[in-house]
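See structure below.
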Amino acid sequence: MDVNVHEIIVLRDKKVQARTHKKKRINKKWAKRYGFKTYENQLIENGQMIVMGREIYMNERTYKALKKHVR
């Protein structure tokens, strides 16, 4: 299979603040105190790649594994 790839698109995980407040000053303190939650991308599973035309879509963990394996 001959694939000419022009672009690899990495779908990143979503990072959301655990608790939020409407005031910026307090929200900044809450971010430091309660931290962030990371949500994995549900569109593409680990180790799975989707090829559309000349673009390859993959999640962040798959990209890191592929990059490590190629070197």
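The values are calculated or read from the model by the stated rules, or taken from the named source; none is laboratory data. Every value quoted in this text rests on a predicted model; they were computed, and no experiment measured them. Using ideal geometry, Cβ is built from the backbone for each residue, glycine included, and neighbour counts are taken over all protein chains shown. The protein model used for the area step is the full one, side chains on, heavy atoms only, and it has no ligands, DNA or RNA in it. Shrake-Rupley method; radii C 1.70, N 1.55, O 1.52, S 1.80 Å.
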Under 8 Å between Cβ atoms, which residue pairs at least 6 apart in sequence (or on different chains) link something in segment 25-45 that is within 30 Å of I56 (Cβ to Cβ) with a partner that is open to solvent by 100 Å² or more (accessible area, probe 1.4 Å) and modelled with pLDDT under 95?
F36/K15; K37/K15; T38/K14; T38/K15; Y39/K14; Y39/K15; N41/R12; N41/K14
Residue that is under 24 Å from H6 (Cβ atoms) and of a type in the set (K, R), where the choices are K23, K67, K32
K67
